[in-house]
Amino acid sequence: MAKLRLTLACWNYDRTRALVDGRVQPEGIDLNCLTLPVEETFFRMLRHAEFDVAEMSLSSYVLSLFQPDPPFIAIPAFPSRFFRHSCIYVHTGSGIREPHDLIGKRVGCPEYQLTACVWIRGVLADEYAVPVDSVVYAIGGQEEPGRPEKLALDLPPAIRIERIAAEQTLASMLARGEIAALYSPRTPSSFRSGDGPVKRLFEDFATVERDYFRRTGIFPIMHIVVVRRAVYERDRFVAQSLYKAFCAAQRCTYDDLSQTAALAAMLPWLPAHVEETRREMGDDFWPYGLERNRRALSTFLRYSHEQELSKQPLQPEQLFAAETLESFKV
């Protein structure tokens, strides 16, 4: 009997590579894997639902649940996580020396609803008393002009949004001091040279992020995996089958990182990085599943609601296919 053929769009992560090269095959599924940049995957999935299964921005997925007919259902696999303290960039002439100095400033964001920006605003509010409505958000393309919000937003007047001009980019505006700061998951080109007027707000970001994790236990989730709801409703087994496969692919990477006969990644001190991470975060430092991620997910859902994105509070269980939240026992 032929397997169900599904197309997966996802970036080239070590934790998903075993799905791409066939070492891990989802039960009952013939998976056609497309390796695409995350922005392209999100745009094509949100605008046109081109793929059966796709990596998805956590924020965009949460917003999609408020559509009259929610188009996707998620499984609790998280291909992208990132501490985002390193992703706040400031112009050296802006007078911003510490987080509180952001208040009253004009701050760039490629899109207001980007997951990274939701986390940044939430952490700044919780940890540094920088209210979400205390800055003006300049929205538009970071490196290319004309970037739109992928999803239509209905924000109250207290959230002050300005669209930048059609020919402008946030990276160049930051370099010229036309915006005081930039919240972005991608390093702006105006920072990369290292000798210009743009710097990170948290220059020793790794120390700050370790402290954040020690106090909160949160390793921020950026992306999840979604299935087109029509595919899921037609063949309910796909949620569990895909979730098990993503977990198996991730275990391959854990095994690779444990090898010391040869380096799995081009990092000279990879064993030291791995050992340090395990000391700080435990052996399963990138957990999948609901329970190990309940606090991170609850925090993000609170941020989404507080930032006027989610129209009502959601609980983590509401995000995922029910089949992936429990397992049989022998």
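The values are calculated or read from the model by the stated rules, or taken from the named source; none is laboratory data. Here the structure is a predicted model, which means the values were calculated and not measured. Every residue, glycine among them, receives a Cβ derived from its backbone with ideal geometry; neighbour counts consider all protein chains shown. These area figures cover heavy atoms from the full protein model, side chains too; ligands, DNA and RNA do not enter into them. Shrake-Rupley method; radii C 1.70, N 1.55, O 1.52, S 1.80 Å.
Structure values in brief
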{"quantity": "Per-residue HN-Hα couplings for region 201-211 [Karplus 6.51, -1.76, 1.60; θ = phi - 60°; Hz; x = Gly/Pro]", "calculated": "5, 9, 5, 9, 5, 4, 5, 5, 5, 4, 4"}
{"quantity": "Note, ³J(HN,Hα) from phi for region 66-76, Karplus 6.51, -1.76, 1.60, rounded to Hz, x at Gly and Pro", "calculated": "9, 6, x, 10, x, x, 9, 9, 9, 10, x"}
{"quantity": "Solvent-accessible area, 1.4 Å probe, carbon plus sulfur percent, for the chain", "calculated": "52"}
{"quantity": "Residues of type lysines that K311 reaches as a straight line, Cα spacing below 24 Å, ignoring anything fewer than 8 places off in the same chain", "calculated": "K150"}
{"quantity": "Helix-only [θ]222 nm of the chain, DSSP H runs n ≥ 4, -39500 (n - 2.57) each, per residue, nearest 500", "calculated": "-10000 deg cm²/dmol"}
{"quantity": "The chain, accessible area per residue, ligands and nucleic acids excluded (1.4 Å, Å²)", "calculated": "47"}
{"quantity": "Dimensions (Å) - region 197-259, Cα atoms, principal axes, largest first", "calculated": "52, 33, 27"}
{"quantity": "Cα centroid of region 78-124 to Cα centroid of region 151-192, whole Å", "calculated": "11"}
{"quantity": "The chain, relative contact order [Cα under 8 Å, separation at least 6], %", "calculated": "26"}
{"quantity": "Projected label distance in nm at A152 and R200, using a 7 Å step from Cα toward the beta-carbon", "calculated": "3.9"}
{"quantity": "Accessible surface of K199 - all protein chains present, 1.4 Å probe, nearest 10 Å²", "calculated": "60"}
{"quantity": "Region 87-161 - Kirkwood radius from inverse mean 1/r over Cα pairs (Å)", "calculated": "13.1"}
{"quantity": "In region 255-330, the chymotrypsin sites (Phe, Trp or Tyr not before Pro) that fall in loop regions by DSSP, at most 10 other Cβ within 10 Å", "calculated": "W269, F328"}
